[in-house]
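Below is one structure, written out as structure tokens; comments come after it.
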Amino acid sequence: MDLMFTEGDRTFREEVRKFLYDSTIPEIRRKLAEGLKLSKEEIAAGARSLYKKGVPTWPQEYGGTGWTLVQQYIFEEEVRAFPALVKFGSGEDLVGPVIYTFGNLAQKQYYLPRIANATDWWCQGFSEPGAGSDLAALKTRAVRHGDHYVVDGQKTWTSSAHYADWIFCLVRTNLDVKKQQGISFLLIDIKSPGVTVRPIHLIDGGHEVSEVFFDNVHVPVENLVGEENKGWGYAKYLLSNERFGDAGVGVSKERMWRALELAAQTYVGGERLADQPSFREKVAELDVQLKALEITQLRAIANASKQQGAQDPASSILKLRGSEVEQAAAELLMAVMGPNALPYIPDEELGSRNEPPVLPRWAAEIAPTYFYSRAASIYSGSSEIQKNIIAKAILGL
Amino acid sequence: MDLMFTEGDRTFREEVRKFLYDSTIPEIRRKLAEGLKLSKEEIAAGARSLYKKGVPTWPQEYGGTGWTLVQQYIFEEEVRAFPALVKFGSGEDLVGPVIYTFGNLAQKQYYLPRIANATDWWCQGFSEPGAGSDLAALKTRAVRHGDHYVVDGQKTWTSSAHYADWIFCLVRTNLDVKKQQGISFLLIDIKSPGVTVRPIHLIDGGHEVSEVFFDNVHVPVENLVGEENKGWGYAKYLLSNERFGDAGVGVSKERMWRALELAAQTYVGGERLADQPSFREKVAELDVQLKALEITQLRAIANASKQQGAQDPASSILKLRGSEVEQAAAELLMAVMGPNALPYIPDEELGSRNEPPVLPRWAAEIAPTYFYSRAASIYSGSSEIQKNIIAKAILGL
Amino acid sequence: MKFDLSEEQRLLTESVERLMLDSYGFGDRRKYGGEDPGFSEAMWERYAELGLLALPFSEEYGGFSGGPVETMIVMEAFGKSLILEPYLATVVLAGGLLRRGGNEAQKTELIPLIVNGRAKLAFAYAESQSRYDLFHVETQAKKQGTFWALSGVKTRVLHGDVADKIIVSARTAGGTRDKNGIGLFLVDVHAPGLTRRPFLTQDGLRGVEIALGNVRVDESNLIGDPEGAFPVISRVADEAVTALCAEALGCFTKMQAITLGYLKTREQFGTKIGSFQVLQHRAVDMLVELEQSRSMTLYAAMMVGEDNTIERERAVSAAKVQIGRSSKAIGHQSIQLHGGIGMTMEYSIGHYFKRVVMIDMLFGDADHHLRRLAALGGLGAVDSYRSHRTMVATNMTTAR
Amino acid sequence: MKFDLSEEQRLLTESVERLMLDSYGFGDRRKYGGEDPGFSEAMWERYAELGLLALPFSEEYGGFSGGPVETMIVMEAFGKSLILEPYLATVVLAGGLLRRGGNEAQKTELIPLIVNGRAKLAFAYAESQSRYDLFHVETQAKKQGTFWALSGVKTRVLHGDVADKIIVSARTAGGTRDKNGIGLFLVDVHAPGLTRRPFLTQDGLRGVEIALGNVRVDESNLIGDPEGAFPVISRVADEAVTALCAEALGCFTKMQAITLGYLKTREQFGTKIGSFQVLQHRAVDMLVELEQSRSMTLYAAMMVGEDNTIERERAVSAAKVQIGRSSKAIGHQSIQLHGGIGMTMEYSIGHYFKRVVMIDMLFGDADHHLRRLAALGGLGAVDSYRSHRTMVATNMTTAR
């Protein structure tokens, strides 16, 4: 057992730092550091600068870097700390792996390069209003007519659909079988006639998710991934990738860091908050939770490197525990901010305001961050669903 | 709305104090204050001194004081603070009310005075090893033969059975109906041939509960309370009384008080623990919970005084929340005691030891108190059962 | 000990709840909030007609001499509807300062205007560095002949956008964090040198930051002792905290009811989600929090009239701790039990959540009040318990 | 980064787990504990035969030069069986003090005896007022010619009843709470003036209190610098904490398995109780705690060899915080899920519970270590994160 990063890992980290230093666009870095929103064009430019050596998490044959999971972890950590993290939709993390694992040659050749050079922004069409946690209960239908499917139905909670060029969807292609068995995986050009995107405003005041309506939308049959009615299997593969990466250690670290920055500028009862023992203990408590999560994440990575595909107990708790720690970090930020979190400053005003002058600009984002953090235990399979899965799959209950 | 105690209540409290001062046996008070165990004889003597004006919680016609619920609450509070609290089995709180509510004249005349003058120690024979939280699944049988029942079976978790003169039991008298409908309520002389009491040692090291075996035990039919096969209803009445009184505000207060006493003599990092802000905040947190519980208890009393029998949301949470607060108070005590809680001193040695000299004598009881506190959320209907009941009865889920 | 309402209190409850039911549904609230001035002037008139604006004032000024229980009743009902009107600012805060600190002339002039709904007021107590310390005042008031000249910046002045007059706390003597040396000044919003910068709050209300550039305030607009206003401010803040506890309790009550309703109707996996045991137990946890919050709100209402400052502050802080903890517990739980829909602006539960989070941050969050309570020695039950036991022990020893 | 065991480590794991499986069931433990000396001498011999007693010592004294991972492996297996033997006292504590502080003569004499199972030792560090502060030493050691004279009372000396020699910390200089001025003395238990008062522990172990009345200790039995032993004590304590984390992890693993087994077999309301969703989710909570504890135990094992004191102490404290919190969480949950049976002495789960509670109280409970961690500035990840970001920012500014 050697629990340290290897010499090779450490060298890799240095290389990543140099790479980021050389290739990141300064203006994007500055905006990220100040918590400002980026435009779609800026995100695309940022993604292209990050993808210079290939898509970090993909195999080399599909335009990826071919890095190990540990290298990917180090890259992600450095990118986040730099900060240079941008996510150009869910092409890299979600649909890309499905395409190179289950897609045909034509699909690989067409779609993968367009993700790798940040041309196509993808969004995910899984959730539906009637389904919620019961994902397989989806109702959006795709009926085959000759060389195309006709799609009718509705998706919801679709992240960044308003930016997207493409949407990958689970659709029902057979009504006569068990619900999991009649589902197919379709790639749909979001500009197709009959597709309507309508924003959902969330309680943080932002617009991140949308409803997507399909009314008699024609989709060529060559946009079917894998086999018809086998989509549930591809979706499970995708979701296990999504959950695996979802411990959110980097997000939580960054929140803790911001809380400490802010606490160093905040006076409570005439004393610097950052110096008060009870505050320091509160932070230390979170620090322990976060370290435990991080080691658990590393264990899961080590285990996954060893035997691809198998699930160990450590990985199954990443999403569950990760969302709790993320939420605790958001609460900590909020507690530090205190009454100054009261004012609401709409996104569009954020750039032009300099007030309140004693606080960093990202201060205005703190209450919305806290509000939005409540979604972390709901999206990508709620905590209740995660617990049901673990109870069944890991504990055999 | 007048949320204060009335002038009459305050006068009553003064009277109680004077009564306790006049009638309590000093030696018993001393032992209670030092956390020492009392003998059965001492408990009987203590109970007789408390019952001088009648049994506090009973109606006057059966030898009770006829006090209001508020007066009973004040009496209990004062008795505990004095301290003079002794419980001579479960005659007063559990079986007494069943007998005067559902028993016949002969039963009332025979049993009630023997409780009121601390002659008969009663214990409760409800739980069985196979039943656990599913109380109605009990298997102890009572088969009628002429003028007596023959009882066979086993009870468990029977508190102070080794002291008891009588045991009141739920027994199955009909196997052919729904489980709740074939249960009867029997009063059994524990010295009857065929009754065996075997101690269960709990993890606190004490002997408080026992198993009670019934092997061909003959019980006269006149010992049946109410009607045959109607015992479940009487048991529910009894349990609702038990839970109602079970918020344990007094127990928790006393634990918090002891924790503060001990913290005033304890130095941590060279400083008095009682003076450290983070400790004081921890206590204050418990203090808030305890006050909320106490007011909720008073609300339940006020509501019960108004409409006897009806359950309001406040009363349904008393047992549930009460056990949590009791446990939190035990944890606080344990945290204050710290490493000095390590030594285990058996009961029989407690009287003869004076060491460790810097600590009060009840210090040796702290770890056992903490261990035993875990039972609070298990006995008298576990927290899970309470939540099931509340979800159904109060929330309609 | 009576937890029942008196006949008058019952009538008050019924009338305010009826008004809310008729005119303050979630859709009404969205409408009121979406138009200037961000609340309903019509509702404000209704409050005046019903006497709600007159509640805490004594009868000689047109009031009803109501106490903390009456305010609790109104605020709880307001909480259920998430009202937007400046009741706390005008009646509880500014009204409280006038009641407790104002002179005869000030009361005679202003209280009838409040009661009739013709004047709205606000209280500017916060500064950007003050956090929850009401005595941390850097805004200066300097005496110049018969005037006072005020300079400084006050932040988070809730409803200062619609106020006709604003009561400003300012330092007349002493150091930045002294409790002595603070005065209260009644300032006209149109006074030269006063500028207001409006902002929205996270929970859909409005407020202003005020910059005071040598604003002249006549001696007649000084409220009470120019150096001794802090006890009045502190007492009114305790009353405001008690009122906010009641408002939060109203919110909790609705959050619990809405969530329970959702559990009983929403179907997943082919069944009502309320049939899942885990969700049932969570609903029970919410009920427990709600009832504990109700108990502590009652306790605060019972104790906030107490003249013994320590006893009053202990009780009020304890209640605010409970309410703050429950805001998180009930807020998080109710959103989680809803799933995604609970996160949307179209649905009501998130708005309740944001309101209770903001209530936690008004006049001290749970951690702040826990510190205050700990510094005051806790609720004091332990003191009295100990002294009682010691007394008895002494008596008994003497007797032997 | 490798979480896999090496071949040698795998063999060690197998052999110790095999031994426990064969000879240390719950029934065996009751038997061993019920007879004098409160553990099994036979098992102690088996540990010697298997080389477990030799593990951390260097080969020149007959040891195997094992590191923290090897100790972790053994302690985790021991935790699963709740062993009663004085391994921590003899090998980890006294052995650690000898390894790190002893001179050549002392090591040559004593370590082979430990390795062969022929000597048992104990460490007397605690005093009744010292709580968790290892430097709070009032027991006096005064130099008298070639002797030291020790006087004072040491409490909570685990396994001091069976020890042949006890290493005693005593003050040679400085004030009561100074870190300087502490020496370590190897004291024979039969030395004149030394009396032992035995006690049982809450979790079924044995220990003594030691009274030292002018006990003469030869200069040759002084371990290391007479005034500078604290760094050694502190380092060995960190190693003991790491070992205890692993023992607790073993306990947790069994508690989780036993409870899961109970959920799968116990029937109530006509069904296996493991089919109730609420209990399923609780079982998941236990698993999460277990895995987080495993991660932090690994982290402590990885860092306890670190020579940088601050980094080491941060990591060890963080692990002890996690283990302490999990002791409560897993302990409470496993008893609750069992119901009444979990409260009885006849059943195993309560014994595990008591052990993990006592582990929390050895060498500092979770609150103590949280304070230490907070005082050390947390785990430091934030420092490096910040310095990294600042560095990058500076570079980029320069570059522009």
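Applying the selection to segment B:24-40, what residues are more than 12 Å from chain C (Cβ to nearest Cβ) and touching a Leu at 6+ places or on another chain (Cβ under 9 Å)?
If the condition is that a residue be more than 12 Å from chain C (Cβ to nearest Cβ) and touching a Leu at 6+ places or on another chain (Cβ under 9 Å), then B:LYS31, B:GLY35, B:LEU36, B:LYS37, B:LEU38 are the ones that fit.
One line per residue, one yes/no per condition, for (1) modelled with pLDDT under 95; (2) under 22 Å from B:VAL336 (Cβ atoms); (3) touching a helix residue (DSSP H, G or I) at 6+ places or on another chain (Cβ under 6 Å):
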site: D:GLU127; (1), (2), (3): yes, yes, no
site: D:ARG131; (1), (2), (3): yes, yes, yes
site: D:LEU134; (1), (2), (3): no, yes, yes
site: D:GLU138; (1), (2), (3): no, yes, no
site: D:LYS142; (1), (2), (3): no, no, no
site: D:PHE147; (1), (2), (3): no, no, no
site: D:ASP161; (1), (2), (3): no, no, no
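Residues of segment D:112-149 that are within 20 Å of D:GLY66 (Cα to Cα) and either assigned to a helix (DSSP H, G or I) or more than 23 Å from the chain's Cα centre (by Cα) (or both): D:PRO112, D:LEU113, D:ILE114, D:VAL115.
Of all the criteria given as (1) more than 14 Å from chain B (Cβ to nearest Cβ); (2) in contact with a Leu (Cβ under 8 Å, 6 or more places away or on another chain), the one not satisfied by C:GLN292 is (1). Quick check on segment D:1-41: of everything there that is within 14 Å of chain A (Cβ to nearest Cβ) and assigned to a helix (DSSP H, G or I), which residue is surrounded by the fewest Cβ atoms within 10 Å (Cβ to Cβ)? Among them, the one singled out is D:GLU7.
Do the conditions hold for D:TYR347, that is, is it surrounded by fewer than 19 Cβ atoms within 10 Å (Cβ to Cβ), modelled with pLDDT of 95 or more, more than 8 Å from every other protein chain (Cβ to nearest Cβ) and over 18 Å from D:TYR132 (Cα atoms)? Yes, satisfied. In segment A:370-393, the residues that are outside the structural domain of A:ALA328 (by TED's automatic domain parsing) form no Cβ pair under 7 Å with any partner that is surrounded by fewer than 23 Cβ atoms within 10 Å (Cβ to Cβ) and of a type in the set (Phe, Trp, Tyr), whether six or more places apart or across chains. Within segment A:100-127, the set of residues being under 30 Å from C:GLY342 (Cα atoms) and touching a helix residue (DSSP H, G or I) at 6+ places or on another chain (Cβ under 8 Å) comprises A:TRP121, A:TRP122, A:GLN124, A:PHE126, A:SER127.
Determine if segment A:226-246 includes at least one residue that is part of a strand (DSSP E or B) and outside the structural domain of A:LEU298 (by TED's automatic domain parsing).
The answer is no, given that none of the residues of segment A:226-246 is part of a strand (DSSP E or B) and outside the structural domain of A:LEU298 (by TED's automatic domain parsing).
Out of all the residues in segment B:44-59, is one or more assigned to a loop (DSSP other than H, G, I, E, B), of a type in the set (Lys, Arg) and out of contact with any strand residue (DSSP E or B) (no Cβ under 7 Å at 6 or more places or on another chain)? No: segment B:44-59 contains no residue that is assigned to a loop (DSSP other than H, G, I, E, B), of a type in the set (Lys, Arg) and out of contact with any strand residue (DSSP E or B) (no Cβ under 7 Å at 6 or more places or on another chain).
Evaluation of B:VAL16 against the conditions (1) within 11 Å of another protein chain (Cβ to nearest Cβ); (2) touching a residue at least 40 places away in the same chain (Cβ under 8 Å) shows that the sole unmet condition is (1).
Please state which one of C:ASP188, C:ASP218 is more than 14 Å from chain A (Cβ to nearest Cβ), surrounded by fewer than 16 Cβ atoms within 10 Å (Cβ to Cβ) and in contact with a Phe, Trp or Tyr (Cβ under 9 Å, 6 or more places away or on another chain).
C:ASP218
Hey, any hits in segment D:326-340 for a residue that's in contact with a Gly (Cβ under 6 Å, 6 or more places away or on another chain), more than 10 Å from chain A (Cβ to nearest Cβ) and not β-branched (Val, Ile, Thr)? Among the residues of segment D:326-340, at least one is in contact with a Gly (Cβ under 6 Å, 6 or more places away or on another chain), more than 10 Å from chain A (Cβ to nearest Cβ) and not β-branched (Val, Ile, Thr), which makes the answer yes. For segment B:139-175, enumerate the residues that are modelled with pLDDT under 95, β-branched (Val, Ile, Thr) and not in a strand (DSSP E or B). Scanning segment B:139-175 gives no hits.
Tell me, please, whether a residue that is closer than 25 Å to A:ALA375 by Cα, within 14 Å of chain C (Cβ to nearest Cβ) and under 18 Å from the mean Cα position of the chain (by Cα) can be found in segment A:158-167. Yes: segment A:158-167 contains one or more residues that are closer than 25 Å to A:ALA375 by Cα, within 14 Å of chain C (Cβ to nearest Cβ) and under 18 Å from the mean Cα position of the chain (by Cα).
Just one of (1) farther than 20 Å from B:MET4 by Cβ; (2) out of contact with any Lys or Arg (no Cβ under 7 Å at 6 or more places or on another chain); (3) at the interface with chain B (Cβ under 8 Å from one of its Cβ atoms); (4) not small (Gly, Ala, Ser) fails for C:HIS281. It is (2).
Here C:LYS120 fulfils each of the conditions (1) in contact with a strand residue (DSSP E or B) (Cβ under 8 Å, 6 or more places away or on another chain); (2) under 23 Å from C:ASP36 (Cα atoms); (3) not small (Gly, Ala, Ser) apart from (1). Quick check on segment C:195-214. Is at least one of its residues surrounded by 22 or more Cβ atoms within 10 Å (Cβ to Cβ) and farther than 30 Å from C:LEU150 by Cβ? No, that holds for no residue.
Counting only residues that are buried (at least 21 other Cβ atoms within 10 Å of the Cβ) and of a type outside the set (Phe, Trp, Tyr), which one in segment B:98-115 is farthest from B:GLY233 (Cα to Cα)? Here the residue is B:ILE115.
Would you call C:ILE359 more than 9 Å from chain A (Cβ to nearest Cβ), modelled with pLDDT of 95 or more and in contact with a Cys (Cβ under 7 Å, 6 or more places away or on another chain)? When the stated conditions are applied, C:ILE359 does not pass them. On the stretch given as segment B:261-281, residues that are among the hydroxyl-bearing types (Ser, Thr, Tyr), more than 10 Å from chain C (Cβ to nearest Cβ) and free of Cβ contacts under 8 Å to residues at least 40 places away in the same chain total 1.
All conditions in (1) more than 14 Å from every other protein chain (Cβ to nearest Cβ); (2) within 30 Å of D:ARG312 (Cβ to Cβ) hold for D:ALA237, with the sole exception of (1).
Filter segment B:60-80 down to residues that are assigned to a helix (DSSP H, G or I) and of a type in the set (Phe, Trp, Tyr) and give me whichever is farthest from the other protein chains (Cβ to nearest Cβ). Applying the filter and picking the extreme gives B:TYR62.
Just so you know, in segment D:151-189 the residues that are among the acidic types (Asp, Glu) and free of Cβ contacts under 8 Å to residues at least 60 places away in the same chain include one that is farthest from B:GLY270 (Cα to Cα), and it is D:ASP164. Of all residues in segment B:191-223, those that are among the aliphatic types (A, V, I, L, M), more than 20 Å from B:TYR149 (Cβ to Cβ) and touching a residue at least 60 places away in the same chain (Cβ under 8 Å) total 2.
Among residues of segment C:351-373 that are assigned to a helix (DSSP H, G or I), those with a beta-carbon under 8 Å from a residue that is buried (at least 24 other Cβ atoms within 10 Å of the Cβ) and of a type in the set (Lys, Arg) at least six positions away or on a different chain give the pairs C:ALA366/C:LYS320; C:HIS369/C:LYS320; C:LEU373/C:ARG314. If you filter segment A:175-229 down to residues that are closer than 14 Å to A:GLY125 by Cβ and polar (S, T, N, Q), you find that the one that is nearest to the other protein chains (Cβ to nearest Cβ) is A:SER210.
The values are calculated or read from the model by the stated rules, or taken from the named source; none is laboratory data. All of these numbers come straight from a predicted model, not from anything done at the bench. Cβ sites come from the backbone with ideal geometry, for glycine too, and all protein chains shown count toward neighbours.
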